[in-house]
Amino acid sequence: MLDLLIKNGLTVDNQCLSIGVKNGKIEMVSPTINKEAKQVVELARNHYISAGWIDDHVHCDDDMPIYYDQPDEIGIKKGVTTIIDAGSTGADTISTFYEQIRKAKTNVYAMINISKIGIIRQDELSDLHNVQKDLLKKQVAALPQFVIGLKVRLSKTVVGENDYHPLLLAKELQTELNDMPLMIHIGSNPPELSDVLSRLDERDILTHCFNGKENGIVDKQTNKIKAVAMDAYKRGVRFDIGHGTDSFNFHTAFCAKEAKITPYSLSTDIYHRNREKGPVYDLATTMEKLRLVGYPLTEIIKMVTEHPADNFKLAKKGQLRVGYDADITIFDVKNGNKELVDSNGNKENTSELIVPIKTIVGGVLYDI
Ligand code: ZN
Ligand code: ZN
């Protein structure tokens, strides 16, 4: 007997899909399943089903002073089954962060900040003595199931006088840690965008890719994508949204779409304040914004499922396949009217709403 049977959902390619779950794993995937189950959810083709949504840039260490939140507030309550904290903590605090998230119902992973103090202050990389490689490697080795990436923040307020030098240390650590996934935050210069992007490789994750800053991917004079950004994109650097309070701009997004740039992953950079007061609110709202810019829903779902899973080598997540973790999101796409606001106060109206209604994590069902 199955533990859970979800019947007659609709995929974003308009296929009918049923999923059977047992022991927290996906046991059956088929258009129709007629099998006994302890719990049955009948969707009657009125609702969409996808692999559980993954938000690969959040801040959810409740003990941090600036960017903090509670995992389930941005996870299961928002249709998100897995969240990846983007460097809130470094080697000093990552073990206490791990102890704290173990009570969350949402799956939580972390990138470790290359600065041992994490984002305890805005300028965690203004003193490079905060990058202690041996200490960092020791903490990564101690929590292999939790620490799945490295994070480096490269903008003026973070690096002080150090320009792009923290990136060189991050790239060294990446190599020494067996090509560990590396997420790079960009913002105001220095460092110059060209000094950052020219040093990134295929699979490196560039977050805040659609920010509206002078030092962003769009040349403000011509409204074209800067050559260095196009080069990085074509080289296979993965563009990640990382919306945040300050880093998503509709104009940049429209210019990128025009230039045929598709972000690889769609994330929120959410924490308590931009969740409660906007402009982020949640992952679904960020998805609505990308939809408004013109990316198809089929692509957007990949940006929150199989792509972030691949970014961080989560081998059993991001797809509805037999043997994978039973992490599933059920949602509606419906007509409505909603004002969407970017990080710079620019407004657009959408008539297509994305509304999560049930979150399933490891086979456990939560109504939203
Ligand atoms: Zn950032
Ligand atoms: Zn962030």
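Out of the residues in the stretch 106-123 that are in a loop (DSSP other than H, G, I, E, B) and out of contact with any helix residue (DSSP H, G or I) (no Cβ under 7 Å at 6 or more places or on another chain), state the one that is nearest to ligand 2 (Cβ to nearest atom). Steps first, answer last, please.
Kept after step one, since they are in a loop (DSSP other than H, G, I, E, B), are these residues of the stretch 106-123: 106, 114-123.
Subset that is out of contact with any helix residue (DSSP H, G or I) (no Cβ under 7 Å at 6 or more places or on another chain): 118-121.
Working: G118: 11, I119: 8, I120: 14, R121: 14 Å.
For the stretch 106-123, the residue satisfying everything is I119.
For the stretch 98-116, which residues satisfy the criterion of being open to solvent by less than 40 Å² (accessible area, probe 1.4 Å) and farther than 16 Å from A86 by Cβ?
Q100, A104
Can you tell me which condition E202 does not meet? The list is (1) in a loop (DSSP other than H, G, I, E, B); (2) more than 16 Å from ligand 2 (Cβ to nearest atom); (3) buried (at least 20 other Cβ atoms within 10 Å of the Cβ), and all the others hold.
Looking at each condition in turn, E202 falls short on (3).
Can you tell me which residue within the stretch 54-66, out of those that are open to solvent by 30 Å² or more (accessible area, probe 1.4 Å) and out of contact with any helix residue (DSSP H, G or I) (no Cβ under 8 Å at 6 or more places or on another chain), is modelled with the lowest pLDDT? I'd like the intermediate steps shown before the answer.
Start the filter on the stretch 54-66 by keeping residues that are open to solvent by 30 Å² or more (accessible area, probe 1.4 Å), which leaves 62-63, 65-66.
Remaining after also requiring out of contact with any helix residue (DSSP H, G or I) (no Cβ under 8 Å at 6 or more places or on another chain): 65-66.
Numbers: P65: 88, I66: 91.
This residue is P65.
Is it true that L168 is open to solvent by less than 60 Å² (accessible area, probe 1.4 Å), in the same structural domain as I119 (by TED's automatic domain parsing) and away from ligand 1 (no atom under 16 Å from the Cβ)?
Details: open to solvent by less than 60 Å² (accessible area, probe 1.4 Å): no; in the same structural domain as I119 (by TED's automatic domain parsing): yes; away from ligand 1 (no atom under 16 Å from the Cβ): yes.
Considered against the rule, which asks whether it is open to solvent by less than 60 Å² (accessible area, probe 1.4 Å), in the same structural domain as I119 (by TED's automatic domain parsing) and away from ligand 1 (no atom under 16 Å from the Cβ), L168 comes out as no.
Would it be correct to say that K338 is open to solvent by less than 40 Å² (accessible area, probe 1.4 Å) and out of contact with any Lys or Arg (no Cβ under 6 Å at 6 or more places or on another chain)?
Taking the combined requirement at face value, the residue does not satisfy it.
Kindly indicate the residue of the stretch 181-199 that is touching a Lys or Arg at 6+ places or on another chain (Cβ under 9 Å) and in a loop (DSSP other than H, G, I, E, B) and also surrounded by the most Cβ atoms within 10 Å (Cβ to Cβ) among those meeting that condition. It would help to see each step written out before you state the result.
Step one: filter the stretch 181-199 for residues touching a Lys or Arg at 6+ places or on another chain (Cβ under 9 Å), giving 181-191, 193-194, 197, 199.
Subset that is in a loop (DSSP other than H, G, I, E, B): 181, 187-191, 199.
Working: P181: 21, G187: 21, S188: 15, N189: 18, P190: 16, P191: 24, R199: 16.
Top of the filtered list is P191.
Does L125 meet the test of being open to solvent by 10 Å² or more (accessible area, probe 1.4 Å) and either within 16 Å of ligand 1 (Cβ to nearest atom) or closer than 24 Å to T82 by Cα (or both)?
Working: open to solvent by 10 Å² or more (accessible area, probe 1.4 Å): no; either within 16 Å of ligand 1 (Cβ to nearest atom) or closer than 24 Å to T82 by Cα (or both): yes.
So L125 does not fit the description; no.
Among the residues of the stretch 147-160, are any closer than 17 Å to H307 by Cβ and buried (at least 24 other Cβ atoms within 10 Å of the Cβ)?
Let us first name the residues in the stretch 147-160 that are closer than 17 Å to H307 by Cβ, namely 148-149.
If we keep only those that are buried (at least 24 other Cβ atoms within 10 Å of the Cβ) too, we end up with 149.
Yes, that holds for at least one residue.
Show me the helices (runs of 4 or more DSSP H) found entirely inside the stretch 215-313 where at least 2 residues are of a type in the set (G, A, S), surrounded by 17 or more Cβ atoms within 10 Å (Cβ to Cβ) and more than 16 Å from ligand 2 (Cβ to nearest atom). Full working, then the answer.
Details: elements: 227-235, 250-258, 272-276, 283-293, 297-303, 306-311.
It comes to 227-235, 250-258.
Looking at (1) aromatic (F, W, Y); (2) more than 16 Å from ligand 2 (Cβ to nearest atom); (3) farther than 22 Å from V304 by Cβ, which is the one condition that is false for Y48?
Result: Y48 fails condition (3) only.
Count, please, the residues in the stretch 67-93 that happen to be away from ligand 1 (no atom under 16 Å from the Cβ), closer than 23 Å to I117 by Cβ and buried (at least 23 other Cβ atoms within 10 Å of the Cβ).
Just the residues of the stretch 67-93 that are away from ligand 1 (no atom under 16 Å from the Cβ), to begin with: 70-73, 75-82, 91-93.
With closer than 23 Å to I117 by Cβ added as a condition, the list becomes 70-71, 91-93.
When the remaining residues are screened for being buried (at least 23 other Cβ atoms within 10 Å of the Cβ), the result is 71, 91.
Adding up the residues that qualify gives 2.
Does the stretch 235-258 contain at least one residue that is under 20 Å from the mean Cα position of the chain (by Cα) and of a type in the set (D, E)?
Scanning the stretch 235-258 turns up at least one residue that is under 20 Å from the mean Cα position of the chain (by Cα) and of a type in the set (D, E).
Determine, yes or no, whether K317 is in contact (Cβ under 8 Å) with a residue 60 or more places away in the chain and touching a strand residue (DSSP E or B) at 6+ places or on another chain (Cβ under 7 Å). Before you say what the answer is, go through the steps one by one.
On the way: in contact (Cβ under 8 Å) with a residue 60 or more places away in the chain: yes; touching a strand residue (DSSP E or B) at 6+ places or on another chain (Cβ under 7 Å): yes.
So K317 fits the description; yes.
Out of curiosity, is V196 in contact with a Pro (Cβ under 7 Å, 6 or more places away or on another chain) and within 16 Å of ligand 1 (Cβ to nearest atom)?
It is false that V196 is in contact with a Pro (Cβ under 7 Å, 6 or more places away or on another chain) and within 16 Å of ligand 1 (Cβ to nearest atom).
Take the residues in the stretch 81-105 that are β-branched (V, I, T) and in a helix (DSSP H, G or I); name whichever of them is farthest from the chain's Cα centre (by Cα).
Filtering the stretch 81-105 down to residues β-branched (V, I, T) leaves 81-84, 89, 93-94, 96, 101.
So of that shortlist, the ones also in a helix (DSSP H, G or I) come out as 94, 96, 101.
On the way: I94: 19, T96: 22, I101: 17 Å.
Only one residue fits best here, namely T96.
The values are calculated or read from the model by the stated rules, or taken from the named source; none is laboratory data. Just so it is clear, the structure is predicted and the values come from calculations on it, not from any experiment. Here the Cβ is made from the backbone with ideal geometry for all residues, glycine too, and neighbour counts use every protein chain on show. Remember, those area values only see protein heavy atoms, side chains included, never the ligands or the DNA or RNA. Shrake-Rupley method; radii C 1.70, N 1.55, O 1.52, S 1.80 Å.
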